[in-house]
Structure formats: C-alpha cells, structure tokens
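Down below is the structure, laid out as structure tokens.
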Amino acid sequence: MFHGPPPGARFQYAKVTPPKNIADVPRYLGELLGGFFTRMGYIFKLVWKTGPWILFAMLFFAVFQGVMPVVGSKISEAVLNELQSQFGLFDGGFAGFFGSTVFFLLVFMFTYNILTSIVNTLKNTVTRIAGELVVRTVKLEIMNKARELDLCSFDLPAFYEKLENANREAGMRPIHILSATFNVISAAISVTSFIVVLATLSPWAPLIMLAAAIPGAIVNYIYRHRNFRYMRIHSKERREMNYY
C-alpha cells in the first residue's frame with residue numbers, strides 16, 4: 001500500500017491563488033508566507049537531524065560576513081586618513097615608517113584580508129561537507145521509505161514524480177536553500193550597518209542605495225521563481241525525454 005510521499009517531497013509545489021480583490025490580500029499573503037515558513041521549517045529540521053553543528057556554523061559565517069565588510073571599510077578609511085595627514089610630513093626613513101601609525105594600520109588591514117580569506121575557505125569547505133552529509137541522510141530516508149512500499153507504488157506516475165524530485169533535489173537543495181537564507185541574513189546585517197554609517201554623512205544616501213537595489217532584487221526573484229516552477233512542473237516531461 002502507498003504510505004505517503006518520500007522524504008523531501010512532503011511539500012509539493014502548489015501555486016497560491018492570486019488575490020481576487022484587496023480584501024483577499026490577507027488570505028493570499030497568509031498562504032504564501034505560511035507555505036514558505038512551513039517548507040523552511042522542514043528544511044531546518046532535516047539539517048538539524050543531520051547535524052546541529054551545521055546550523056551553528058552557517059549562522060557564525062553569516063554574522064561574520066555581515067560584519068566584516070563594514071570593519072574593512074573602517075580600516076580602509078583609517079589608513080587613507082592617516083596617509084593624508086602624514087603626506088609630506090614623513091621623513092624618518094624606513095625605521096620611522098615601521099614605527100608609524102600607518103604601518104600598524106597596514107598590518108591590521110592585511111590581517112583582516114587574510115582572516116576574511118581563511119573564513120571564506122572554511123565556509124566553502126563546511127558547505128560541501130554539510131551538503132554531503134545531508135545527501136546521505138536524505139538518501140537513507142528515501143531508501144527506508146521505499147522498503148515500506150509495494151512494487152505497484154512505483155508504477156504510479158504521481159508517486160514516481162515525487163520520488164524523482166526527492167532523489168534529485170532533496171540532497172543538495174536543503175543546503176543551497178539554507179546557504180541562500182543565511183546569505184540574506186548576512187546581506188541584511190551589512191546593509192543595516194552601511195545604512196547607519198551613511199546616515200551619519202547624509203540622510204539621503206541610504207534611501208538612494210535602497211532604491212537602486214530594489215529593481216535588481218525584483219528581477220532576481222522573478223527569474224529564480226520561474227526557474228523553480230519550471231523544474232517542478234516539467235519533471236514528468238524531463239523523465240520521458242530521458243527515457244527516449
């Protein structure tokens with residue numbers, strides 16, 4: 001007997017009906033956000049089951065990469081200001097340079113660049129390892145679910161489509177989604193920090209920066225959403241093509 005979809009295919013793509021009028025907007029937003037957070041919660045649960053350290057590591061990298069751009073900009077500002085203040089006044093030779101404030105600021109800047117490079121390398125390594133671990137967890141769940149089913153279940157096109165989607169996407173896809181989510185958190189931290197810094201110079205600077213980022217964000221969302229719909233809707237046709 002058929003006991004339900006395999007792991008990773010629990011939340012099938014279902015297009016939310018657009019609002020018919022203004023009064024229907026709360027219903028539309030509720031279904032849209034509800035489906036999003038439900039799927040996101042399932043992904044977090046799946047990754048937590050694989051290893052809680054994955055979420056903590058990705059959270060650390062998100063906060064680090066969100067804060068460090070602002071730190072780097074402040075270091076560059078300090079170096080440029082110090083060079084400008086010392087321009088034409090420095091005459092102490094190399095010995096005087098190695099003991100100057102500019103030298104220590106440059107060492108600090110190089111240390112910052114090296115530390116950023118190391119953390120980025122660690123992030124890529126952890127992401128690859130986490131992806132392999134999640135793939136293993138999902139594959140085991142799919143195999144355990146397949147053992148509970150009768151062979152006739154594999155002749156059902158709807159079930160086989162779910163199984164194919166789970167087998168193809170549910171391995172690396174959770175890590176990709178989590179990585180994108182934490183990248184959004186990192187970007188939000190950076191943007192908030194830069195807005196605070198720019199607001200001290202001009203109140204219009206943050207508004208101009210946000211206005212310039214909105215068109216790109218909308219275009220990126222639209223085409224990613226279309227790509228997701230294409231992969232979901234045409235899985236049956238893609239399988240038929242592979243058969244031929």
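The values are calculated or read from the model by the stated rules, or taken from the named source; none is laboratory data. None of these values were measured; they are calculated from a predicted model. We place every Cβ from the backbone using ideal geometry, glycine too, and count neighbours over all the protein chains shown. Ligands, DNA and RNA are excluded from the accessible area calculation, which covers all protein heavy atoms including side chains. Shrake-Rupley method; radii C 1.70, N 1.55, O 1.52, S 1.80 Å.
Residues in the stretch 216-233 that are open to solvent by 70 Å² or more (accessible area, probe 1.4 Å), of a type in the set (D, E, K, R) and over 17 Å from the mean Cα position of the chain (by Cα): Arg226, Arg229. Quick test for you: out of Phe182, Phe159, pick the one residue that is aromatic (Phe, Trp, Tyr) and farther than 23 Å from Asn227 by Cβ. Criteria check complete, one pass: Phe159. Mind checking whether some residue in the stretch 23-40 is touching a helix residue (DSSP H, G or I) at 6+ places or on another chain (Cβ under 9 Å), of a type in the set (A, V, I, L, M, F, W, C) and part of a helix (DSSP H, G or I)? Yes, the stretch 23-40 has at least one match.
Going by the conditions given, is Ala199 of a type outside the set (Phe, Trp, Tyr) and open to solvent by less than 60 Å² (accessible area, probe 1.4 Å)? Here the answer is yes, as Ala199 does meet what is asked. Taken over the stretch 136-186, the residue count meeting the criterion of being open to solvent by 30 Å² or more (accessible area, probe 1.4 Å), of a type in the set (Val, Ile, Thr) and either over 14 Å from Phe44 (Cα atoms) or modelled with pLDDT under 80 (or both) is 2. Counting residues in the stretch 50-65 that are modelled with pLDDT of 80 or more, in contact with a helix residue (DSSP H, G or I) (Cβ under 9 Å, 6 or more places away or on another chain), assigned to a helix (DSSP H, G or I) and hydroxyl-bearing (Ser, Thr, Tyr) gives one or more. Within the stretch 152-168, being of a type in the set (D, E, K, R) and more than 33 Å from the chain's Cα centre (by Cα) holds for one residue alone: Asp155. When restricted to residues that are open to solvent by less than 70 Å² (accessible area, probe 1.4 Å) and among the β-branched types (Val, Ile, Thr), the stretch 20-33 contains 1. Summed over the stretch 34-84, the residues that are open to solvent by less than 80 Å² (accessible area, probe 1.4 Å), within 17 Å of Val126 (Cβ to Cβ) and free of Cβ contacts under 8 Å to residues at least 12 places away in the same chain give a count of 1.
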